[in-house]
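Participant: Pasting in a structure now, in structure tokens, and then I'll have a few things to ask.
Values quoted throughout were computed directly from the atomic coordinates according to the rules given, and no laboratory measurement underlies them. Owing to the predicted nature of the structure, the values given are computational and were not obtained by experimental measurement. A quick note on method: Cβ atoms are made from the backbone with ideal geometry, for glycine too, and the neighbour counts reach across all protein chains shown.
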Amino acid sequence: MSPSPSAEPADGDVVLQAVDLQKHFKLRGLNSRDVVHAVDGVNFELRRGRVLALVGESGSGKSTIARLLAQLMPTTGGRILLHGEDAAAKGRRAFRRYVGRVQMIFQDPFGSLNPVHTVRYMLTRSLRIHRGRLRGAALEEALVELLERVQLKPAERYIDKFPHELSGGQRQRVAIARALAADPEVLLADEPISMLDVSIRLGILNLLQDLRDRLHIAILYITHDIASARYFADRTMVMYAGRIVESGDSESVTQDPKHPYTQLLVRSAPDPDDLEARAHGARGEAPSLVKPPSGCRFNPRCPFATELCRTEAPPLLPVGDGREAACWGYSERADRPTLSDITEALA
Amino acid sequence: MTIASPIGHPQRLAPASDPVLEIKNLSVDYGYDDDPVHVLRQVSLTLGRGEVLGLAGESGCGKSTLAYAATRLLPPPGLITGGEVLFTDRSGVKTDLLRLNDTQLRASRWQDMAIVFQGAMNSLNPVYRIGRQIADGIRAHEPKTSQKEALERAAELLDLVGISPDRLRSYPHELSGGMRQRVMIAMALALDPQVLIMDEPTTALDVVMQRQIVEQIAELRDRLGFSVIFITHDVSLLIEIADRIAIMYAGEIVEDAAALDVYNKPRHPYSSALLHSFPPLRGPRRELIGIPGSPPDLSRLGGGCPFADRCAFAFDACSKVNPELVFPNVPGDDPRRSVACLRHDPAAVRAVGEVPLPVPAELSLS
């Protein structure tokens, strides 16, 4: 398919695809052959007008995936496909073309906006880079439109402000506006709300939801808060130690988690409505990614793990309508582990 | 491990007759010039013995300032301009922490009241082994202790928080985030304090680790009987761990009630809005409202209620009087809870010549 598709694009079309994505970071040291297995064998698709959530604990490789997709760092294996074509950008021009279509917003709106520039300067720069030489009335119009699109109204009140004059939520909106200046097809949102106050988080999520619905942008929403994934994302993928362990529609993944790790994650999240159903006594923590455990990477913490789990890594197995889980418990193998309720297993 | 269900245990309000820490009318300003920012305005708060008190609010609402002011750790340009902080020790002697001299203060810190800082993971010294760091703290307060004894105590403390004692010889970088956080808790507990202040102790951790830490604190509280002030912006976490919750907004406490009361029957519009701004993980997907606008600029507060601009229930009087903590105007409420909202305070509304409005249904759930 060419970059300008002949057929009218529809919601649900695959825009960006990751195939067997892999990232190993070399450790420092002259003769060190050790690598950090940050991301291993990750496959997924981002679809037009859909939100895909990527959930996992810190250090599970979520942000690495975002950076790989934004081509801020080279992959060490696998491919990134944009509309079915290999998107590996070789050279500056190709990279610019790519970032015009795939934009990223970062976690910390205090760090991602240059404190010495005004909102006007930052947005103008982004507009000029991605839309050519805008000037005069056309530029002014584009700026106002951008600010209004992120609900910073009236635009005049914000356009000549410096970042320090804005609140965290407003800053994040400016960062989103800057990404939108490129008119992207894909937005990679790396923990866009985790640095913001509880009361304004919802506003940013609603804004992203609105962008998905009106501009049909494909959004990758990276978060450690599985509850917000349920609220905001169409599909949810759960990552553990560099691998995808479960994926499916958000409602099923959060309400009926299949993989033991997802169950632990869901049961650990604070929920005042359900004070009893709690995974007590969970032990251990994420493994070292320099020498990840053999087999399933969750096996040292999993109460159901068997010899099979310790020797062979489970593939993603179908566990229901459009759902997959990487756990041997759902396989047909004779030596598979028997799963039960994680809350009881840990108690 | 068995836990006597400290998390989510039935509500237990410590009797007000046995307070361990009483903060009375504490005011804090930032800035030495003619126009300082009033960050805390006449905050009063009582911590019962053995109680876990949650302090919640948005960033910049003054919750950390409150903790630092009460322990006199407030860095310049913070200035305590009034109030008192009464600490009652085990024999019932009250001391005002704000009037201690430096030597007394030094002796009291850690011994009476210990604090686990925000980002505690990074407050360990990277060049010393953790055993030595804990031992140093013990020996600073008990100079007669030998290094060997101090290290033994350190090993016991590590064991207490679930870290194997052979980790004493580890450097901080050899421990994971969750373990470093436990080391900080162990250090705070080294001298058997009666009050433990935890400033966002789990914010940098992921949920599974957060749960482990919270369980650990609850279990230790039950075992050792200290009181905890738990500061966080995560109200849902507080409902699980805290006995009582105080919600802060713009440098004031706006609601103070038993944890489950705050959750099930919030009386202040801000508490109610705060509870409706995080998505629930289980149960039906409920409508999320969020809070419009952003927190007020503390240097430009008018005379009225600081929340009035963002409040769905604001009326004329709200721009005239700043409400004080009163008993909620809802029949049948726990007599120990209080709320600062004019909807619950008809007397204050009449005093400025306005007509009081009834408490809206959302704020009088039972």
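Participant: Starting from the Cα-Cα distance between A:R125 and A:K90, subtract it from 0.36 nm times their residue separation and give me the gain in nm to one decimal.
Facilitator: On the way: separation 35, 0.36 × 35 = 12.60 nm, distance 2.32 nm.
Extra length available between A:R125 and A:K90 comes to 10.3 nm.
Participant: I need the P(r) histogram for segment B:19-242: all alpha carbon pairs, bin width 5 Å from 0 out to the longest distance, whole percents.
Facilitator: For segment B:19-242, the binned pair fractions read 1, 7, 14, 18, 19, 17, 13, 7, 3, 1, 0, 0 percent.
Participant: Here is a further query. For A:V116 and A:L81 in one chain, what is 0.36 nm times their gap in residues minus the Cα-Cα distance, to one decimal in nm? Mind dumping the intermediate values first?
Facilitator: Values: separation 35, 0.36 × 35 = 12.60 nm, distance 3.66 nm.
This chain segment gains 8.9 nm when fully extended.
Participant: Separation between the B:D222 and A:V19 pseudo-spin-labels, each 7 Å from Cα along Cα→Cβ, expressed in nm?
Facilitator: Those two pseudo-labels are separated by 5.5 nm.
Participant: Write down the Å³ per residue value for the convex hull defined by the alpha carbon atoms of segment B:192-290. Please list the in-between numbers first.
Facilitator: Working: hull volume 12.2 nm³, N = 99.
Spelled out: Cα convex hull of segment B:192-290, divided by residues, is 123 Å³.
Participant: While we're here: Can you pull the semi-axes for the protein assembly as shown, root of five times each eigenvalue of the Cα gyration tensor, sorted largest first, whole Å? Write out the running numbers ahead of the final one.
Facilitator: Numbers: eigenvalues 355, 244, 124 Å².
Its equivalent ellipsoid spans semi-axes of 42, 35, 25 Å.
Participant: For segment A:50-189, go through all pairs of different Cα atoms, get the mean of 1/r, take its inverse, and jot down that Kirkwood value in Å. Could the numbers behind the result be given before it?
Facilitator: Working: mean 1/r = 0.0616 Å⁻¹.
One over the average 1/r among Cα pairs gives 16.2 Å for segment A:50-189.
Participant: Could you give the angle, 0 to 90 degrees to the nearest 10, between helix B:207-224's Cα long axis and the longest principal axis of the Cα atoms of chain B?
Facilitator: Here the helix axis deviates by roughly 80 degrees.
Participant: Using a Cα-Cα cut-off of under 17 Å, which lysines could be cross-linked to B:K24, ignoring same-chain neighbours fewer than 8 residues away?
Facilitator: Result set, ordered by chain and number: B:K63, B:K94.
Participant: Kindly list the residues of segment B:278-321 that lie in the label zone of B:D35, defined by a backbone N under 19 Å from the point 7 Å along the Cα-to-C-beta vector.
Facilitator: B:296-304
Participant: Compute the distance in nm between two label points, each set 7 Å from the Cα along the Cα-to-Cβ direction, one at B:S164 and one at B:E84.
Facilitator: Result for the modelled spin labels: 5.2 nm.
Participant: Out of every Cα pair in segment B:135-210, what percent are spaced more than 15 Å from each other? Can you show the working numbers first?
Facilitator: Numbers: 1631 of 2850 pairs.
Taking all Cα-Cα pairs of segment B:135-210, the fraction more than 15 Å apart is 57 percent.
Participant: Shifting gears a bit: Calculate for chain B the 222 nm mean residue ellipticity that helices alone would give, adding -39,500 (n - 2.57) per DSSP H run of length 4 or more and normalising by residue count, nearest 500 deg cm²/dmol. Mind showing how you got there, number by number?
Facilitator: Working: 10 runs with 97 residues, N = 366.
Estimated from H runs of four or more residues: -7500 deg cm²/dmol.
Participant: So what is the relative contact order for segment B:252-363, in percent, with contacts set as C-alpha pairs under 8 Å and at least six apart? The partial results should precede the final answer.
Facilitator: Details: 152 pairs, mean separation 29.6, N = 112.
Relative contact order here is 26 percent.
Participant: So, one more: In whole Hz and in residue order, list the ³J(HN,Hα) couplings for segment B:257-267 that follow from phi through the Karplus curve 6.51 cos²θ - 1.76 cosθ + 1.60, θ = phi - 60°; x for Gly and Pro.
Facilitator: Using θ = phi - 60°, the values come out as 7, 4, 3, 6, 5, 4, 6, 7, 9, x, 10 Hz.
Participant: Can you show me the helix-derived [θ] at 222 nm for chain A, built from DSSP H runs with n ≥ 4 at -39,500 (n - 2.57) apiece and divided by the number of residues, rounded to the nearest 500. Walk me through the intermediate numbers first.
Facilitator: Working: 12 runs with 113 residues, N = 347.
Helix contribution divided over all residues of chain A: -9500 deg cm²/dmol.
Participant: To make sure I understand, if each residue's beta carbon is the centre and we count other beta carbons within 10 Å, what order do B:I138, B:I291 fall in, fewest to most? Don't jump to the answer; show the numbers that get you there.
Facilitator: Numbers: B:I138 21, B:I291 25.
Fewest-to-most Cβ neighbours within 10 Å comes out as B:I138, B:I291.
Participant: Cα axis of helix B:130-141 to longest principal axis of chain B: angle in degrees, 0 to 90, nearest 10?
Facilitator: 80
Participant: Take the Cβ-Cβ distance between A:D335 and B:Y128 as r, set R0 to 56 Å, and report the resulting FRET efficiency rounded to the nearest 0.05.
Facilitator: Working: r = 48 Å, r/R0 = 0.86.
For A:D335 and B:Y128, the calculated efficiency is 0.70.
Participant: Something else: Can you give me the convex hull volume of the Cα atoms of segment B:196-250, divided per residue and expressed in Å³?
Facilitator: Details: hull volume 4.6 nm³, N = 55.
In segment B:196-250, the Cα hull volume divided by residue count equals 83 Å³.
Participant: Per residue of segment B:151-168, what does 6.51 cos²θ - 1.76 cosθ + 1.60 with θ = phi - 60° give for ³J(HN,Hα)? Whole Hz please, x for Gly and Pro, Karplus curve as stated.
Facilitator: Once θ is set to phi - 60°, the couplings for segment B:151-168 become 5, 5, 4, 4, 5, 4, 4, 4, 4, 4, 9, x, 10, 5, x, 6, 6, 3 Hz.
Participant: Give the long-range amide H neighbours of A:M104: residues separated by 5 or more places, or on another chain, with amide H under 5 Å away, using H modelled in the peptide plane at 1.01 Å from N.
Facilitator: Close amide H contacts, sequence-distant or interchain: A:L188.
Participant: OK, next. If I take R0 = 45 Å and measure r between the Cβ atoms of A:F162 and B:L73 in this structure, what FRET efficiency does the formula 1/(1 + (r/R0)^6) give, to the nearest 0.05? Don't skip to the end; give the middle numbers.
Facilitator: Details: r = 32 Å, r/R0 = 0.70.
With a Förster radius of 45 Å, E is 0.90.
Participant: Measure nothing fancy, just the Cα-based angle from helix A:136-149's long axis to the longest principal axis of chain A, in degrees from 0 to 90, nearest 10.
Facilitator: The answer is roughly 30 degrees.
Participant: Run the paramagnetic zone check for B:E156: 7 angstrom along Cα to Cβ, then residues of segment B:215-236 with backbone nitrogen under 14 Å.
Facilitator: Residues B:224 fall inside that zone.
Participant: For B:V330 and B:T95, what does the FRET efficiency come to when R0 = 51 Å and r is the distance between their Cβ atoms, rounded to the nearest 0.05? Write out the running numbers ahead of the final one.
Facilitator: Values: r = 38 Å, r/R0 = 0.74.
Computed FRET efficiency for B:V330 and B:T95: 0.85.
Participant: Let me ask something else. Could you give the length gained by full extension between A:A345 and A:V35, i.e. 0.36 nm per residue of separation minus their alpha carbon distance, to one decimal place? Write out the running numbers ahead of the final one.
Facilitator: On the way: separation 310, 0.36 × 310 = 111.60 nm, distance 3.39 nm.
In short, 108.2 nm is gained.
Participant: Return B:R132, B:R106, A:R230 ranked ascending by Cβ neighbour count within 10 Å, so the fewest neighbours appear first.
Facilitator: Details: B:R132 17, B:R106 13, A:R230 22.
Listing B:R132, B:R106, A:R230 from fewest to most nearby Cβ atoms yields B:R106, B:R132, A:R230.
Participant: Below 8 Å between Cα atoms, with a sequence gap of 6+, how large is the relative contact order for segment A:14-255 in percent? Present the calculation step by step, with values, prior to reporting the outcome.
Facilitator: Details: 461 pairs, mean separation 70.9, N = 242.
Reported as a whole number, the value is 29 percent.
Participant: Show which lysines lie in cross-link reach of A:K258 when reach means a straight Cα distance below 23 angstrom and same-chain residues fewer than eight apart are skipped.
Facilitator: A:K62
Participant: Follow-up question, since we're still on this one. Work out, in µm²/s and without decimals, the Stokes-Einstein translational diffusion coefficient of segment B:252-363 at 25 °C, 0.890 mPa s, Rh from Kirkwood over C-alpha pairs. Each step should come with its number before you reach the end.
Facilitator: Working: Rh = 14.8 Å.
Answer, rounded: 166 µm²/s.
Participant: Compute the distance from the alpha-carbon center of segment B:333-349 to that of segment B:148-169, in whole Å.
Facilitator: 49
Participant: When all alpha-carbon pairs of segment B:35-81 are counted, what percent fall beyond 17 Å? Let's see the in-between values first.
Facilitator: On the way: 400 of 1081 pairs.
That fraction is 37 percent.
Participant: By count of other Cβ within 10 Å, fewest leading, how are B:I80, A:I193 ordered? Numbers along the way, then the final one.
Facilitator: Working: B:I80 19, A:I193 24.
In order of increasing Cβ crowding within 10 Å: B:I80, A:I193.
Participant: ³J(HN,Hα) across segment A:315-323 via Karplus (A = 6.51, B = -1.76, C = 1.60, θ = phi - 60°), whole Hz, x for Gly/Pro?
Facilitator: Each residue of segment A:315-323 in turn: x, 6, 10, x, 10, x, 4, x, 10 Hz.
Participant: Continuing with the same structure: Report the relative contact order of segment B:19-242, percent, no decimals, based on alpha-carbon pairs under 8 angstrom and at least 6 residues apart.
Facilitator: Working: 392 pairs, mean separation 57.2, N = 224.
So the answer I get is 26 percent.
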